[in-house]
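Derivation of every value follows stated rules applied to the coordinates shown; laboratory data play no part. In this text the structure is predicted, and so the values were computed from the model without any measurement. All Cβ positions, even for glycine, are placed from backbone atoms using ideal geometry, and neighbour counts span all protein chains on display.
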Amino acid sequence: MSESALNLENIVVAFGALKAVDNVSMTVKRGERRAIIGPNGAGKTTLFNAITGVTRSTSGRITFEGLDISRKPAQSRARMGISRTFQITNLFPSLTVEQNMQLALRGTGSRKFSMLGSARLVSEEREQVASALALSRLATREAVEVTELSYGEQRQLEIAMALVSRPRLLLLDEPAAGLSPAERQMVTDIVRSLPKDLTVVLIEHDMELVLKLVDYVTCLNNGQMLAEGSPEEIRANQLVQDVYLGKARANA
Ligand SMILES: Nc1ncnc2c1ncn2[C@@H]1O[C@H](COP(=O)(O)OP(=O)(O)O)[C@@H](O)[C@H]1O
Ligand SMILES: [Mg+2]
């Protein structure tokens, strides 16, 4: 197995005349914690969609653990070990935590999708659910309906749902967006305590959180790579300050 978990070569995603992702290349090592930052519309979510296969890249090559997955459908990429959370909450509100986990598991697993309630989880599945909930600090909330969860717990559940298939690459799209300081700390603790061999790429706006969590930062602007470096280098980078931190301050 190659040492790089994820390798992007000259990825372009065009929507008509707009290049939402414009010639992005990067290599993420196995077990690395990487942040993708950049102003709204920079192409961060579109890049995640290209990696997961939700959106087909217009050109370029995506390699996961040494295999070219550029033309593979989303379902195959999920089965290969790529999992993600969404920027917008994506839960079934009237179902319990456990039922949401069951849907996440059966939706991506190799077993045929079965209707909710038609079969109890088998013991291996129960173990997967329990360990994903434990990692996401929701072990005691299995029987609770999503509507009864705090917003922070809902975001934790989304992380749990992404973890239940035991991925090797986890993509988190703004996992701390809209959270209180205490809830952000919870997300920080969760990401920090994820298994060391799990590769994590996260989109995040809060530089303080990024600095605490990741080894390396990629900054996008207008679909293009603006800068790459350690969190400290990125924080000191004049280009990044101009396009990103400046805007963040202006929006604050
Ligand atoms: N399905 C789509 N069709 C057309 N344009 C899109 C689509 N998805 C995203 N875009 C455009 O691509 C650009 C990048 O969007 P996005 O990846 O969501 O940015 P970010 O996540 O960095 O805020 C934006 O200009 C957005 O309007
Ligand atoms: Mg986005």
Please list, or write none, the aspartates and glutamates whose alpha carbon is within less than 13 Å of the alpha carbon of K29, excluding same-chain residues fewer than 8 places away. E3, E65, D197, D215
Which order results if K19, K196 are arranged by neighbouring Cβ count within 10 Å, fewest first? K196, K19
Efficiency of FRET between N10 and R71 - r from beta-carbon atoms, R0 25 angstrom, step 0.05: 0.95
Kirkwood hydrodynamic radius over Cα pairs of the chain, then Stokes diffusion coefficient at 20 °C and 1.002 mPa s, in µm²/s: 115
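As a footprinting exposure proxy, order F15, F64 by other Cβ within 10 Å, with the fewest listed first. Before the final figure, lay out each step's value.
Numbers: F15 11, F64 23.
Least to most surrounded, the residues fall as F15, F64.
Express the Stokes-Einstein translational diffusion coefficient of segment 159-252 in µm² s⁻¹, to the nearest whole number, given a Kirkwood radius over alpha-carbon pairs, 20 °C and a viscosity of 1.002 mPa s.
It diffuses with D of about 149 µm²/s by this estimate.
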Pulled fully out, how much extra length does the chain show between S25 and R192, if you take 0.36 nm times their separation in residues and subtract their Cα-Cα distance? 57.5 nm
So the angle from the long Cα axis of helix 151-163 to the longest Cα principal axis of the chain, reported in degrees to the nearest 10, equals 90
Using a 7 Å offset from the Cα along the Cα-to-Cβ direction at both Q241 and A182, what is the distance between the two label points in nm, to one decimal? 3.6
